[in-house]
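Only one structure is covered here, and it is reproduced in the block below.
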Amino acid sequence: MKKKTALTIAGSDCSGGAGIQADLKTMTMNGVYAMSAITALTAQNTTGVTGILESTPEFLQQQIDAIFEDIFPDAVKIGMVSTVSLIRVIAERLEHYKAKNIVVDPVMVATSGAKLIDDSAIEELKKNLLPKACVITPNIPEAEVLADIKITCEDDMVAAAKLIFEKFGCAVLCKGGHAINDANDLLYNADGAKWFRGKRIDNPNTHGTGCTLSSAIAANLAKGESLEKAVENAKNYISGALAAQLDLGKGSGPMDHAFILN
């Protein structure tokens, strides 16, 4: 049986709620065969990260080559990549293989506002990776960094998304939240701005929501859905995973990625 395929290039979350583990679950539950190239191992759980062991650029390239030379992915999702050398490897290999349906979750700024990668890595991301993307999925703080403007309302989200689209040539899904609105996301592409309205679900366990959303979009693009339909399906999936009200761990716990099987 032939099946559509998707690759996630991201870090591992040993507690299973975010990163590679969330991506693999999400892609599987959205109907594609999921593969991974790991940028870093992390020791983390619902209360925080206690250790990081990064992949070497050489080994990351070996992983990517192993996948593309055997099972060519129909879509690629890229999560947190924290160093210039790793970003360069990813960008070069994606260019080499002419990868398609690239979704970049530009993990740069935590919900708290703390920067997660240094300025040189951000510049490398902007220069070599974002222009290769079909769509990027920044949260509000990340969109502020990429557009270099402050976002305090929905009009600011539109202005920022337009600037990012014009600067990098990729569609932008600017994620709501962060005190701007109730889970309303804005897609901006060549057709202009389109809002995807959502109702915030009362669930404190939101570990891995960004990873999950971008992976669900990638899975739907792999299956041949339009970008708008892929975003719509991804938002519906993440709403279901949150509404299942899984409650694990002592901190902000994971969602129930397999809620469809319940």
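The values are calculated or read from the model by the stated rules, or taken from the named source; none is laboratory data. Just so it is clear, the structure is predicted and the values come from calculations on it, not from any experiment. Because the Cβ atoms are built from the backbone with ideal geometry, glycine has one as well, and the counts that use them run over all protein chains shown. To get the accessible areas, we keep the full protein, side chains included, count just its heavy atoms, and leave off ligands, DNA and RNA. Shrake-Rupley method; radii C 1.70, N 1.55, O 1.52, S 1.80 Å.
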Legend entry - Evaluation of Lys150 against (1) farther than 27 Å from Glu124 by Cα; (2) open to solvent by 50 Å² or more (accessible area, probe 1.4 Å) (one fails), failing number: (1)
Legend entry - Count - residues of region 208-262 that are out of contact with any strand residue (DSSP E or B) (no Cβ under 8 Å at 6 or more places or on another chain), under 17 Å from Thr137 (Cβ atoms), surrounded by fewer than 21 Cβ atoms within 10 Å (Cβ to Cβ) and of a type in the set (A, V, I, L, M, F, W, C): 0
Inset, instruction - Test Ala190 against the stated conditions and say whether it is of a type in the set (A, V, I, L, M), without any contact (Cβ under 8 Å) to a residue 40 or more places away in the chain and surrounded by fewer than 17 Cβ atoms within 10 Å (Cβ to Cβ). - result: yes
Legend entry - Met108 being modelled with pLDDT under 95 and open to solvent by less than 30 Å² (accessible area, probe 1.4 Å): yes
Legend entry - Long-range neighbours under 9 Å by Cβ, at least six apart or interchain, first residue at positive phi within region 131-157, second open to solvent by 20 Å² or more (accessible area, probe 1.4 Å) and in a helix (DSSP H, G or I): Asp148/Leu163
Legend entry - One residue from Val49, Val76 being open to solvent by 30 Å² or more (accessible area, probe 1.4 Å), assigned to a strand (DSSP E or B) and either touching a helix residue (DSSP H, G or I) at 6+ places or on another chain (Cβ under 8 Å) or without any contact (Cβ under 8 Å) to a residue 12 or more places away in the chain (or both): Val49
